[in-house]
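Below you'll find the structure, written out as C-alpha cells, and then a few comments.
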Amino acid sequence: MIRTVLLALLILTVVLPITANADSRNGAFKGRRAYVYFNEKTLTWKIGNDAVERVLHFDRTRGALTTLRVEAKGGGPRLALANTNEAEWTLEAPSESRLPTKARLEGDWVFNIQSVATPAHGGRLLTIHLHGVRRHEGLAAEVIYEVLPGNRPYLAKRVTLINRSGTPFTVKEVIYDRWMLPAQPGRFAAPATFTPVSGAMGALAFPTKNAGFQAGVLDEKGEAVFVNGAVTLRLREPAVVEPGGRAYAPLSLLTVFVNDPARGAALVQRFSGERQAVADSMLLSPR
C-alpha cells in the first residue's frame, strides 16, 4: 500500500562490494554470495548473487536512471526491459502547480548519493537517491533494489517519490518495470506465452522449453498486465502526498525459472520464507 509520511532523511553511503555471510538451511538454495559493485566514475552499479544480476546506469547528460542488462545465470533465459527508465508516477496537482502530470526517471534528475546495506535477512540492499531539476523541480526519488544471497533467483525493487514542493499532490499510479523475453538464441526460439497468475502477478515463459520468469507487485492493489509483449508491473492506489511527505510503493518482485513453469509460482510463494530462513541462518552462524 502506498502511504505518506513526513520524515527527515539520514543516509550513510557505502561503496565497497561485500559478500553476505549467510546460508539457507533449505537444501533447494545454497550459497553466501550477494554483491553490489559501484563504479563511481561511470555511475554504474551491478547488484546480484549466484543466480541473477541487474546492471544499472545513471546518465549524467540526460539525468536518467536505467537498467542496462539483466542476467539469469546458469542457463536461464535472457531478459530485457521494455521501458527506458526505472519508474513512472502519474500525478494530479493543483492547477497553479508546476509539477508534471507524469514524473519519469528518464531525464531531468540529478544523482545525489547511493547507499548499500545488509538487511537483517541477508543479501544486499542498494538505494539510489535522486532529486529533480527542470520539469521535475520540487520532486525527489529513491529507487531501492534487493537481492538475497546465494543462488536465490530473485530481483526485488521498490520506489519512493518525495514531495519537495510547496503544494500537495496525489500519486494516481506507479509503474515499476515492463519485463519482456526478447528473441533468444537457439534453443529458446519459440514465442513466449503470458499466463496471469493473480491480479498482482503474471508469468511469461517459453512453453516448449519451460523457461521464463514470474513478476508482480507484492500487494493486493498491484497489477501485472501483458501489453505489447511485456509484463507491466504497476500500482493503482491514489495517495495524497503533502509537502515534505513521501509516497512509498510496495515491493515488486521478479524471479526466473527453468525446467518447470510451476516453479515460478512456487518461488514467489517462498520469497518471504527465504528471507526469514536466511535471517535465521545468520543468527545461527558463528561470528
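The values are calculated or read from the model by the stated rules, or taken from the named source; none is laboratory data. Note that this is a predicted model, so its numbers are computed, not measured. Methodologically, a virtual Cβ is constructed for each residue, glycine included, from the backbone with ideal geometry; neighbour enumeration extends over all protein chains shown. These accessible areas exclude ligands, DNA and RNA; they are computed on the full protein's heavy atoms, side chains included. Shrake-Rupley method; radii C 1.70, N 1.55, O 1.52, S 1.80 Å.
Could you figure out which of (1) over 24 Å from residue 62 (Cβ atoms); (2) in contact (Cβ under 8 Å) with a residue 60 or more places away in the chain; (3) assigned to a loop (DSSP other than H, G, I, E, B) isn't true of residue 95?
(2) is the only condition that residue 95 fails.
What residue, among those in the range 102-128 that are farther than 23 Å from residue 151 by Cα and of a type outside the set (A, V, I, L, M, F, W, C), is surrounded by the fewest Cβ atoms within 10 Å (Cβ to Cβ)?
Step one: filter the range 102-128 for residues farther than 23 Å from residue 151 by Cα, giving 102-115, 128.
With of a type outside the set (A, V, I, L, M, F, W, C) added as a condition, the list becomes 102, 104, 106-108, 112, 114-115.
Values: 102: 12, 104: 20, 106: 19, 107: 17, 108: 19, 112: 14, 114: 21, 115: 17.
The qualifying residue surrounded by the fewest Cβ atoms within 10 Å (Cβ to Cβ) is 102.
Suppose the filter is part of a loop (DSSP other than H, G, I, E, B) and within 29 Å of residue 212 (Cβ to Cβ); does residue 107 pass it? Walk me through it before giving the result.
Working: part of a loop (DSSP other than H, G, I, E, B): yes; within 29 Å of residue 212 (Cβ to Cβ): no.
So residue 107 fails the test.
Identify, please: which residue in the range 131-153 is part of a strand (DSSP E or B) and among the aliphatic types (A, V, I, L, M) and is, among those, most open to solvent (accessible area, probe 1.4 Å)? Spell out how you get there, then give the answer.
Narrowing the range 131-153 to residues part of a strand (DSSP E or B): 131-132, 139-147.
Checking which are among the aliphatic types (A, V, I, L, M) leaves us with 139-141, 143-144, 147.
Values: 139: 4, 140: 2, 141: 1, 143: 0, 144: 33, 147: 1 Å².
Out of the qualifying residues, it is 144.
Could you pull out the residue among 143, 116, 197 that is farther than 21 Å from residue 245 by Cβ and under 15 Å from the mean Cα position of the chain (by Cα)? Reasoning before the result, please.
On the way: 143 fails: farther than 21 Å from residue 245 by Cβ; 197 fails: under 15 Å from the mean Cα position of the chain (by Cα).
Step by step, each of 143, 116, 197 is checked, and only 116 is farther than 21 Å from residue 245 by Cβ and under 15 Å from the mean Cα position of the chain (by Cα).
Look at residue 275 and say whether it is free of Cβ contacts under 8 Å to residues at least 12 places away in the same chain, of a type outside the set (Gly, Ala, Ser) and crowded, with 16+ Cβ neighbours inside 10 Å.
Working: free of Cβ contacts under 8 Å to residues at least 12 places away in the same chain: no; of a type outside the set (Gly, Ala, Ser): yes; crowded, with 16+ Cβ neighbours inside 10 Å: yes.
When the stated conditions are applied, residue 275 does not pass them.
Taking the range 231-270, which residues are basic (Lys, Arg), under 17 Å from residue 221 (Cβ atoms) and open to solvent by less than 50 Å² (accessible area, probe 1.4 Å)?
234
Does residue 81 meet the test of being modelled with pLDDT of 95 or more and surrounded by 17 or more Cβ atoms within 10 Å (Cβ to Cβ)?
Working: modelled with pLDDT of 95 or more: no; surrounded by 17 or more Cβ atoms within 10 Å (Cβ to Cβ): yes.
No, not satisfied.
Just name the residue that is most open to solvent (accessible area, probe 1.4 Å) out of those in the range 87-101 that are over 10 Å from residue 135 (Cα atoms) and charged (D, E, K, R).
Looking at the filtered set, the residue picked out is 96.
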